[in-house]
Amino acid sequence: MRWSRISPQIALAPAVTVTAVGFIGSILWTIYVSFTRSRRVPEYGIDFTNPLRQYRRLFDDTGWNIALSNLIILAIGSAVAIVIGFLLAALLERERRGEDFFRTVFLYPLAVSLIVTGVAWRWIFNPSLGLQSFLEGLGITGVNINWLADGRTAMYAIILASVWQSSGFYMALMLAGLKGINTEIWSAARIDGASLWRVYLEIIIPMMRFTFLTCAILLSLGVIKAYDIIVAMTNGGPGQSTWLPAYFTITAMSAKGNLGFASAAAVMMLLITLVVFLPLVLLTVLQQRVAARGGVA
Amino acid sequence: MTASTTAEVMFPRPKKRIRGRQIAILVFLGMVALFFCVPLYVMVVTSFKPMDQIREGAIFSLPRIWTLEAWRFAWFEACSGLTCNGLRGGFWNSLRILVPSLVASISLSAVTGYALALWNVRWAGSFLFLLFLCAFVPFQIIMYPIIIITVKLQLFGSIWGVALVHTVLAMPVLTLIFRNYYKDIPADIIKAAMMDSGSFWRIFLEVILPMSGNILIVILILQITSIWNDFLVGVTFGGVGAQPMTVNLANMVTVSTGTVSYNVNMAAALLTAIPPLVIYFVLGKFFVQGIAAGAIKG
């Protein structure tokens, strides 16, 4: 019987080590370094007269402020993917014919690296050979879709690619949520003579509030982590106009002599994640309570 | 009268109206599907065109002459950085990264999930919560310390270093998925197995593993696609010698000097996309389960 106690502990040792060193230890190390003057190599003395120097530098940095406002722009813009996802899921749920086919099409962008699809999007946005010249060939002039070349519009191109990539994912989550709804609600609403629109707006969507909230949180987490899409589509340019926190931090880390500064940016990313993450924990607790009461989640 | 019979009475509506609505829905879905296919379509037709036709600018037109030249060039000769050996090297690197990453991450997480779900470990609850938090940590906050660790272990810039980092990063999510799967195994089965042999490892290999077919396929597909598609870990830890295919591709399409061969770029991008796409189209159902499980903590 003794072995039955010890074996599991031994088996768990690697995972505990990974968590302790790779995650907890590494996070603490980065937080610590963000308060030091570390430049090229880590320095471990904290200058207590000015421990927040890296954070001051960070918030004075133009690139970081651009990255923060782009984060909000991208989060709001990408939210379209949730709306599209719900719309597609609702339509697929009503019209089950071809569900497998459409689901396969809507989800394939998720199976491919953004580095790959970014190549395609840049090509589509190419002003002389891409969609622009196709439209001009059709006689449609005056439409400027050379978005990637202009700092004011480059984020739109990134939002478009990101919506295209993630809509299928939200559709899959919404479809799962819709299928969990009791069909009796439909017939009950029919008896009341409610129109389709009103059933969706007043019954189905409120019932799926947890699914929507989950989608919103996952979207925010995805936006905070968004890195590949920037590398693939603009590499941050033109200028710094498409920088995002994830991109900013990596760039600062690979630039020499910026370790403390980059660590401060990484800590800010962690804080933003926590702000988004807290509702998820609350949501899980709430959901369990509702489930315990016998409601529909 | 039960609710289901009510529904049957209420639902038969005039058939004509239903058909019209159904057609409208299908047409709309079809148009959205077309939009979703645009990037893939453009990549495929461009990769088969010669550059002469590309310069004419008709992005959606089919190739007049279908040629595999761009594909051949992308695989054997295209330049990525200073070397001009095509994508071959990156492909093999990706494959050599993939295999050890899969073996290490899946065995580590499966054993951990099994121990946490079915054995009486007192701190299992708090450890699971910790893993749940770790699953959402942004990579950037642990990136530099892990670089130092891999350098110290002399793994930085090698296939094994990249595989190690993939294993570490995947461990929390995969463990949670495995644990959630194993905790639903009936307690009686485990009790019987304990009476029979009682050994932690024998129960895992002889009882649990044979029951894990479903979840293993889901996780295998989730891991294959995410490791193959990874860019950040590869570019950070791969150094010069162990760059995966995505990094190779990114160098090829962004740094190329002189005239840009769009057909070669598209062929290179498609070559990189083929392995996950094949898996997706063949085993799509498991892929959907995987991303759903991976996204919502399993």
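Any read-out appearing in this document is the output of simple, stated calculations on the displayed coordinates, not a laboratory observation. Keep in mind the model is a prediction, meaning the values are calculated, not measured. So basically every Cβ, Gly included, is an ideal-geometry build from the backbone, and we count neighbours across all protein chains shown.
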Original post:
Taking Cα centroids, how far is region B:108-178 from region B:196-241 in Å?
Top reply: 12
Subject >> Cβ-based net charge around B:Met266, under 14 Å, with every Lys or Arg adding one and every Asp or Glu removing one >> reply: +2
Subject >> Alpha carbon Rg of region A:5-152, scaled by the compact-globule rule 2.2 N^0.38 Å >> reply: 1.70
**OP:** Shielding by partners for A:12-21, please: the mean number of other protein chain Cβ atoms within 10 Å of each residue's Cβ.
**Re:** 6
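Determine the shielding of peptide B:38-48 by partner chains: average, over its residues, the number of Cβ atoms on other chains within 10 angstrom of each Cβ.
The shielding value for this peptide is 4.
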Original post:
Any idea how far apart B:Glu206 and A:Leu274 come out in nm if each label point goes 7 Å out from Cα toward Cβ?
Top reply: 4.9
Original post:
Can you give the Rg to Rh ratio for region B:13-67, taking only C-alpha atoms and Rh from Kirkwood?
Top reply: 1.32
**OP:** Using the Cα centre as the reference, give the magnitude of the dipole from point charges on the C-beta atoms of chain B (Lys, Arg: +1; Asp, Glu: -1; all else neutral), rounded to the nearest 20 debye.
**Re:** 860
Subject >> Mean separation of Cα contacts under 8 Å, 6 or more apart, over the residue count of region A:1-109: relative contact order % >> reply: 11
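If you wrap a convex hull around the alpha carbons of chain B, what volume per residue comes out, as a whole number of Å³?
Spread over its residues, the Cα hull of chain B gives 210 Å³ apiece.
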Subject >> Estimated FRET transfer efficiency when R0 is 22 angstrom, pair A:Asp150-B:Tyr41 (beta carbons, to 0.05) >> reply: 0.25
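By counting other Cβ atoms within 10 Å of each Cβ, how are A:Val83, B:Val111 ranked from fewest to most?
A:Val83, B:Val111
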**OP:** Just rank A:Val105, B:Val99, fewest to most, by other beta-carbon atoms within 10 angstrom.
**Re:** B:Val99, A:Val105
**OP:** Can you give me the P(r) profile for the protein assembly as shown? Cα pairs, bins 20 angstrom wide beginning at 0, each as a whole percent.
**Re:** 18, 50, 29, 4, 0
Subject >> Lysine pairs in the protein assembly as shown with Cα atoms under 25 Å, if 8 or more residues apart or on separate chains >> reply: 11
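Quick one: compute the contact order of region B:143-298, relative version, from alpha carbon pairs under 8 angstrom and 6+ residues apart, as a percent.
Averaging sequence separation for qualifying contacts and normalising by length gives 35 percent for region B:143-298.
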**OP:** Determine the relative contact order of chain A: mean sequence separation of Cα pairs under 8 Å and six or more apart, normalised by residue count, in whole percent.
**Re:** 30
Original post:
Listing B:Lys191, A:Lys225, B:Lys183 from the residue with the fewest other Cβ atoms within 10 Å to the one with the most, what is the order?
Top reply: B:Lys191, B:Lys183, A:Lys225
Subject >> For chain A, fraction of C-alpha pairs farther apart than 29 Å, in % >> reply: 53
